[in-house]
Amino acid sequence: MKPFDIIAFDADDTLWHSEDRFSAGEQHFVELVSPYAPEGIDVKAALTAVERKNLSVLGYGVKAFGLSAVEAAISITNGAVPVQVIAQLMEMIRSHLTEPVRLLPNVPEVLAAVGRHYPLALITKGDLIHQTHKVQTSGLEHHFAHVEILLEKDPGTYAKVFGRMGVDPGRVCMVGNSVRSDILPVMALGGTAVHVPYPLLWELEHVDHDEHFADLDSISLLPGWLGVA
């Protein structure tokens, strides 16, 4: 008997690049806003604080980042930031929203290999329109029996998702790069989780934990870990 009924995958920074673009956006924000900020202000930390404050209202994704960046630019500079800088921030966000999906190495081959033995699900969070566009233009959508785009990833939300799929959480294996969002909530439901780290992790995704789970250096190792290589 197979150990799992379904293998679920995160999307951003698990199947395709994402955080590198956000990291570059944060650096660009610092470069644009710092000349107008009072001396002694940590501009990047101030941006992160605004993002944290806005999470419950704006959620995740590029649009949320853009709105927080504009708000932070105004508040950090006490309104002194020029409109030209705001325009540059808006153009940065527009560029981020329209850039092509950049797949991580070996992803199509891994999905094909695992999909020959298990049904696959894609479970991601963020802006519905942008995430849907990425899924549809990635060339990967056909691999998945289920696609779920969530506002948040926590045990309650995962429980509802697995209920809709008709699977017992204990028979799910979740693969993702974020311990906070992809690993711990699924393990809390009795599921199995495989951590495949990405070189960058958003500050608000960091979490302290003492749980033990599978860690793979690359997604290319997943078929072997599952015994389907």
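The values are calculated or read from the model by the stated rules, or taken from the named source; none is laboratory data. From a predicted model like this one, the values you see are computed outputs, not experimental measurements. No Cβ is skipped: glycine too gets one built from the backbone with ideal geometry, and neighbour counts run over all protein chains shown. Just the protein is used for accessible areas: all its heavy atoms, side chains included, with ligands, DNA and RNA removed. Shrake-Rupley method; radii C 1.70, N 1.55, O 1.52, S 1.80 Å.
Kindly establish whether Leu128 is open to solvent by 50 Å² or more (accessible area, probe 1.4 Å) and out of contact with any His (no Cβ under 8 Å at 6 or more places or on another chain). Quick ask: steps written out before the conclusion?
Working: open to solvent by 50 Å² or more (accessible area, probe 1.4 Å): yes; out of contact with any His (no Cβ under 8 Å at 6 or more places or on another chain): yes.
Judged against the criteria, Leu128 is a match.
Mind listing just one residue for me: the one in the range 131-152 that is closer than 19 Å to Asn177 by Cα and touching a Lys or Arg at 6+ places or on another chain (Cβ under 9 Å) and, of those, surrounded by the most Cβ atoms within 10 Å (Cβ to Cβ)?
Narrowing the range 131-152 to residues closer than 19 Å to Asn177 by Cα: 131, 134-135, 138, 140, 144, 147-152.
Next, only the ones that are touching a Lys or Arg at 6+ places or on another chain (Cβ under 9 Å) stay: 131, 148-152.
Values: Gln131: 22, Glu148: 20, Ile149: 19, Leu150: 19, Leu151: 13, Glu152: 14.
Among residues in the range 131-152 that are closer than 19 Å to Asn177 by Cα and touching a Lys or Arg at 6+ places or on another chain (Cβ under 9 Å), the one surrounded by the most Cβ atoms within 10 Å (Cβ to Cβ) is Gln131.
Can you pull out the residues in the range 5-49 that are aromatic (Phe, Trp, Tyr), within 30 Å of His143 (Cα to Cα) and buried (at least 19 other Cβ atoms within 10 Å of the Cβ)? Let's see the steps before the verdict.
Going residue by residue through the range 5-49, those that are aromatic (Phe, Trp, Tyr) are 9, 16, 22, 29, 36.
From what is left, the residues that are within 30 Å of His143 (Cα to Cα) are 9, 16, 22.
Answer for the range 5-49, where residues must be aromatic (Phe, Trp, Tyr), within 30 Å of His143 (Cα to Cα) and buried (at least 19 other Cβ atoms within 10 Å of the Cβ): just Phe9.
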Margin query: Ser218 - would you say it is out of contact with any Cys (no Cβ under 6 Å at 6 or more places or on another chain), of a type outside the set (A, V, I, L, M, F, W, C) and either on the phi > 0 side of the Ramachandran plot or surrounded by 13 or more Cβ atoms within 10 Å (Cβ to Cβ) (or both)?
Written below: no
Note to self: Looking at Leu111, Leu58, Leu104, can you tell me which residue is farther than 16 Å from Phe29 by Cα, touching a Phe, Trp or Tyr at 6+ places or on another chain (Cβ under 9 Å) and without any contact (Cβ under 8 Å) to a residue 24 or more places away in the chain?
What the structure shows: Leu58
Notebook entry, point to check: Is it the case that the range 73-81 has a residue that's surrounded by 14 or more Cβ atoms within 10 Å (Cβ to Cβ), in contact with a Leu (Cβ under 7 Å, 6 or more places away or on another chain), of a type in the set (Val, Ile, Thr) and without any contact (Cβ under 8 Å) to a residue 60 or more places away in the chain?
Noted result: no
Notebook entry, point to check: For Tyr60, which of the numbered conditions (1) surrounded by 13 or more Cβ atoms within 10 Å (Cβ to Cβ); (2) of a type outside the set (Val, Ile, Thr); (3) in a helix (DSSP H, G or I) fails to hold?
Noted result: (3)
Notebook entry, point to check: Just wondering, is there one or more residues in the range 70-86 that are modelled with pLDDT of 95 or more, of a type in the set (Ser, Thr, Tyr), farther than 30 Å from Leu32 by Cβ and in a loop (DSSP other than H, G, I, E, B)?
Noted result: no
Notebook entry, point to check: Yes or no: Pro223 modelled with pLDDT of 95 or more, farther than 17 Å from Pro105 by Cα, more than 18 Å from the chain's Cα centre (by Cα) and of a type outside the set (Ser, Thr, Tyr)?
Noted result: no
Check: Going through the range 63-104 one residue at a time, which ones are closer than 15 Å to Ser23 by Cα and among the β-branched types (Val, Ile, Thr)?
Finding: Ile93
